[in-house]
Structure formats: C-alpha cells, structure tokens
1. Mind checking which of VAL44, GLY91, PHE226 is farthest towards the positive end of the stretch 17-234's charge dipole, using Cβ charges of +1 (Lys, Arg) and -1 (Asp, Glu) about the Cα centre?
2. Taking θ = phi - 60°, what integer Hz values does the Karplus form 6.51 cos²θ - 1.76 cosθ + 1.60 yield along the stretch 79-85, in sequence order, with x for Gly and Pro?
3. If amide hydrogens are placed 1.01 Å from N in the peptide plane, which non-local residues have theirs closer than 5 Å to the one on SER29?
4. Go ahead and run the numbers for FRET between ASN30 and GLN237, Cβ-Cβ distance against an R0 of 22 Å, rounding to 0.05.
5. Which of the listed residues, SER29, VAL200, TYR238, is farthest toward the dipole's positive end in the chain, when Lys, Arg count +1 and Asp, Glu count -1 at the beta-carbon?
6. Would you order GLU225, GLU139 from fewest to most other beta-carbon atoms within 10 Å of each residue's own beta-carbon?
7. Considering only DSSP states other than H, G, I, E and B, which chymotrypsin sites (Phe, Trp or Tyr not before Pro) in the stretch 151-228 qualify as loop sites with at most 15 other Cβ atoms within 10 Å?
8. Based on C-alpha coordinates, I'd like the Rg and Dmax of the stretch 100-206, in Å.
Amino acid sequence: MKVLVALIALLFLPALSFGNVIEKDLITSNGRTRAYYLYVPKSVKPGNPVPLVLTLHGSGHNGLSLVEKWTDIADKEGFIVAGPDSTNPSGWETPTDGPDFLRDLVEGLKAKYPIDPRRVYLFGHSAGACFALQIGLMESQYFAGVAIHAGALQEGNSWLINAAARKIPMAIWVGTVDNYFPLATVRATRDQLKAHDIPVELTEIPKHDHWYYDMAPKINKDAWEFLKKNSLPVDPQYRQYQFEDRGRR
C-alpha cells in the first residue's frame, strides 16, 4: 500500500518541461506579464546543471523565431534555450526589456530547471543583436558571453563599454552585403570593443545579407562553439541601474 501511495504521489508532482517541445510561457516582471518561449531537451536531467542560451529576436518577430532555430544544436549539445518577446515587436528598449526583465527570466528559469549559473549566454539577431551587446556590457558579471548576428553598438551607447565591470567575450557575425549593418559600422563596433580590451571576434560572411534564418544552422553552430568556451570565473553578480536619459534607447 505504501508503494502504491508513493507512486500516486509521483504522478501529481509539478511537471517540468524536460521534453523536445517548444513551450510558450508567461512571467511577471516589474508588474508586467511577459511572454517567452522555452526549449528544454530531453537530455536535461534534474541535478545535472546545463547552460542556458537567451535569444533576443529581430524587429517584427517574436521569441519563437530564434528559439525554433536553436533546437537542433540544443539537442545535440544539451543546453536550454529561452527566447523572450520584446515589449514592442519593432525593437528592444531599456529599461522596459532589460536588464531587469532578462534577469527575472533567468532567475525564474533557474528555480525550475538545472541551469549552470556561470554559463548563461546571450544571442541576438538584428535589433536583438544590438540589445544583446548593450545588455552584455551592462551585465558583464551576470552573463558569461555574447554572440550576435547582424548588429552593432548603437549611437550614444559607447559609454557602456566603460561601464563593463568584466571583459565579457563577444562574437559577431555579419554578411558582407548586409544593408542594415554595413561592414564599416560593424567593424567600428569591433574596434571600439578591442580598444577597451573587450575580447571580440568578427566573422564576415561573404555575399551574405541581413537574412539570418536560412543560415541559422551554420551561424548557431559557430556561435555555440564560441559561447561554450566561456564561463564566469565566479558566481554571477547582477548590477542594478538607476536609469537616466543616456541609458534609454
């Protein structure tokens, strides 16, 4: 009888999404209900911490648009992927979309899943790429590394480089015929980062334009190879900001 009761009890334990399905969920941050998409491979097991890749989508898209492109490599390498929606689909804004919201999402996921706190990464495309650079610099002791496709530091955000408490590793992929982020603009971001000893790698993709999705398998594979080499040297530290006009965009 005791065995039967124990088995019945197990059936009613809270179910965690350890299965190859992308799920849409909600979280409350700063009094707002926010949506995000989550992918947890079946290989993820309780008690065995794995990395988390937080994806930031491009303009006119939502969190699903990137998460669905990361599932294959997540299955192969055994890490969790989460893609939040920006408040405004046209882009990401500070402080509405981060860093607090992204911190709240990460901490909420840590409470549910076995995530290695020293291996939480950012990946962004286009508008999400610009925001990933910004958040990575602002929270360089919270995120272990940043990888982006088609993005650059926005005008007026150069001060963020000096604000970085840690030299956070970054990698950028951009097409040589990207009309939204020309090579000169992206190279200027690389040079700014390098001038402040931020370790940055730039990969220029010949004859590639701004469209990420067809090349996603290759870009994501290379991005993961870069990200997985990086880990925070100590437990993550989150920096709280008092936002002024210069911190908004």
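Each reported figure results from applying straightforward, stated rules to the coordinates on display, with no laboratory input. Every value quoted in this text rests on a predicted model; they were computed, and no experiment measured them. Positions of Cβ are generated from backbone atoms using ideal geometry, with glycine treated the same way; all protein chains shown enter the neighbour counts.
1. After comparing all options, I get VAL44.
2. Karplus values, whole Hz, x for Gly and Pro: 9, 9, 10, 9, x, x, 8.
3. ARG34
4. Details: r = 20 Å, r/R0 = 0.92.
In this case the efficiency is close to 0.60.
5. Comparing the listed Cα positions along the dipole, TYR238 ranks first.
6. Values: GLU225 13, GLU139 26.
With the sparsest Cβ surroundings first, the list reads GLU225, GLU139.
7. Numbers: sites: TRP159, TRP173, TYR180, TRP211, TYR212, TYR213, TRP224, PHE226; in loops: TYR180, TRP211, TYR212.
Counting only loop positions with at most 15 other Cβ atoms within 10 Å, the chymotrypsin sites (Phe, Trp or Tyr not before Pro) in the stretch 151-228 are TRP211.
8. Calculated on Cα positions, Rg and Dmax stand at 14.0, 43 Å.
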